[in-house]
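Written below as structure tokens is the structure these notes are about.
The values are calculated or read from the model by the stated rules, or taken from the named source; none is laboratory data. Bear in mind the structure is a predicted one, so any value in this text is a computation, not a measurement. Note that each Cβ is placed from the backbone with ideal geometry, even for glycine, and that neighbours are counted across all protein chains shown. These area figures cover heavy atoms from the full protein model, side chains too; ligands, DNA and RNA do not enter into them. Shrake-Rupley method; radii C 1.70, N 1.55, O 1.52, S 1.80 Å.
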Amino acid sequence: MKATKAGLMLCCGLLASELAFSQKVNDVVTPLHAMKVNYPVPYDITDQAKVKQTLDRILDYLDKGTPTQFINRRTNATVALNNADTATIFKPGDFRLTSYEWGVTYAGMLLAGQATGDSRYTDYTKTRLTFLADAVPVFKKLNLQYPSRRNPLHSVMEPGALDDAGALCAATIKTIRLGNASPNLRPMANNFINFISAKQQRFADGTLARNRPLKNTLWLDDLFMSVPALAQMGKLTGDNKYYDDAVKQVLQFSARMFNREKGVYMHGWVEEMDVHPQFHWGRANGWALMAMTELLDVLPEQHPGRKAVLQQYQALAKGLVTYQSSQGFWHQLLDRNDSYLETSATAIYAYCFARGINQGWLNGKAFGPATLLAWNATATKVNAQGQVEGVCVGTGMAFDPAFYYYRPVNVYAAHGYGPVLLAGAEIINLLKNHTFEVNDSAVMMKN
């Protein structure tokens, strides 16, 4: 009996030992490189349908949240355009229809319409820009009658800064180029471009400048607030003066503000400073990359400045990709990993990298995986309502770190919506044009 019990215990011990060995996970019994990884954002090859689902949520939210309607500010009653008076205002929505951020959104909707074939996106932009353009003549008359009264179209009729003109101008011209546009769109675009070309402050060499926060200041943001509009007007008219000015802005801003060692731009540059404090803000670098992307899209191949612009675009892209975080996002301050991860800059880079690959300006095998990762990260920030989370609010220029570190984020920061639409649309084009695969557990672009 004792011998039997001892034998049973020995058998159980051997069985337990064998079971433990069989459950041991090592490279003998399972390929460890293929183990499931708990990535913080999806690490996979997304598909066109999933991307469109994300874009559709944004469209549905923005279509409801940005009404095209005038009301009386005292009674809230709807006002027909032919009955507009000095009490007439836009019906309030979640976002302003005339902001530069919404110029980016209009452009994003147009690209989403082209990429998906869904006319709802194109109609969103056509409807709203036509609503604005058709209202301008009416409010011009009111402005002549009551010059001391501000009206809802004031910044459209009398731009006071590049923010008022550039992004809206570029989106307006893109809409005109689609055809069947309201005849009132062209005068609105002409007014915008006239401000950029003839009225905005410039340095003696023609570089677009501002007098805030200090006298004779360059804002990196202003590359985007000017260059795409100039480029689009060059395309619309065939007049090289617009292309020449756009190229000049890119090269002259870059000569002053691009840090070739880091491969990124400083945010601000002040003429009177002999030392230029460098804060490499994420979204401003995005505006610079997008400005060059938009210019290269339409700049003729034979233009003498094209090679220099392409080289600058590639230099910035090369610099930026090195700062991508492990989660696919970029930081608020690109080279300071203790600053927060920010959505709008990440979306802009995803768009511009995808566009660069699709147009042959960037090596897809080198940039493709980072681009998909950036989109996957961005998509996690589009909530169920279609709002974009993690977006830094409007940001001026500073020469100390605390300002950038503690800028708030908000779903009503309008800066996130256009970039996410652009990114998703161009990712769809990327997936149409190229094949990706998972090779040795890593995302790779095949062709």
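Of note:
- Cβ-Cβ under 8 Å pairs, at least 6 apart or on other chains, the stretch 356-371 side over 16 Å from residue 427 (Cβ atoms), far side not basic (Lys, Arg) and not in a helix (DSSP H, G or I): 365/444; 365/445
- Contact map, the stretch 38-61: residues that are more than 14 Å from residue 375 (Cβ to Cβ) paired with residues that are open to solvent by 70 Å² or more (accessible area, probe 1.4 Å) and basic (Lys, Arg), Cβ distance under 8 Å, separation 6+ or inter-chain. Pairs shown: 59/120.
- Every condition in (1) outside any helix (DSSP H, G or I); (2) in contact with a Gly (Cβ under 9 Å, 6 or more places away or on another chain); (3) not aromatic (Phe, Trp, Tyr) is met by residue 324 except one, and the failing one is (2).
- Among the residues of the stretch 32-57, those identified as among the polar types (S, T, N, Q) and closer than 25 Å to residue 115 by Cα are 46, 48, 53, 54.
- Residues that are among the β-branched types (Val, Ile, Thr) and surrounded by fewer than 22 Cβ atoms within 10 Å (Cβ to Cβ), drawn from the stretch 280-308: 298
- Among residues of the stretch 275-297 that are closer than 16 Å to residue 361 by Cβ, those with a beta-carbon under 6 Å from a residue that is of a type in the set (Phe, Trp, Tyr) at least six positions away or on a different chain give the pairs 288/265; 290/224; 291/224; 292/313.
- Candidate set from the stretch 125-146 (those that are over 15 Å from residue 157 (Cβ atoms) and among the hydroxyl-bearing types (Ser, Thr, Tyr)); member that is most open to solvent (accessible area, probe 1.4 Å): 127
For (1) touching a Lys or Arg at 6+ places or on another chain (Cβ under 9 Å); (2) surrounded by fewer than 21 Cβ atoms within 10 Å (Cβ to Cβ), each residue gets a yes or a no:
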site: 337; (1), (2): no, yes
site: 343; (1), (2): yes, no
site: 361; (1), (2): yes, yes
site: 368; (1), (2): no, no
site: 374; (1), (2): no, no
site: 377; (1), (2): no, no
site: 393; (1), (2): yes, yes
site: 398; (1), (2): no, yes
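- Any hit, the stretch 111-132, residues being outside any helix (DSSP H, G or I) and either in contact with a strand residue (DSSP E or B) (Cβ under 8 Å, 6 or more places away or on another chain) or of a type in the set (Gly, Ala, Ser) (or both): yes
- Within the stretch 404-414, restricting attention to residues that are more than 16 Å from the chain's Cα centre (by Cα) and touching a residue at least 40 places away in the same chain (Cβ under 8 Å), the residue that is most open to solvent (accessible area, probe 1.4 Å) is 407.
- If the condition is being of a type outside the set (Phe, Trp, Tyr), assigned to a helix (DSSP H, G or I) and open to solvent by 20 Å² or more (accessible area, probe 1.4 Å), then the stretch 197-244 contributes 197, 198, 199, 235, 236, 237, 240, 241, 244.
- Exactly one residue among 161, 170 is in contact with a Pro (Cβ under 8 Å, 6 or more places away or on another chain) and open to solvent by less than 60 Å² (accessible area, probe 1.4 Å), and that residue is 170.
- Taken together, the residues in the stretch 234-284 that are under 20 Å from residue 212 (Cα atoms) and of a type in the set (A, V, I, L, M, F, W, C) amount to 10.
- Those residues of the stretch 309-323 which are surrounded by 16 or more Cβ atoms within 10 Å (Cβ to Cβ) and of a type in the set (D, E, K, R), in sequence order: none
- Filtered residues of the stretch 90-121 (kept if of a type in the set (S, T, N, Q) and open to solvent by 30 Å² or more (accessible area, probe 1.4 Å)): 114, 116, 119
- Residue in the stretch 191-205 that is of a type outside the set (A, V, I, L, M) and touching a Cys at 6+ places or on another chain (Cβ under 8 Å) present: yes
- Any hit, the stretch 262-276, residues being buried (at least 19 other Cβ atoms within 10 Å of the Cβ) and assigned to a helix (DSSP H, G or I): no
- Just one of (1) over 30 Å from residue 235 (Cα atoms); (2) assigned to a helix (DSSP H, G or I) fails for residue 385. It is (2).
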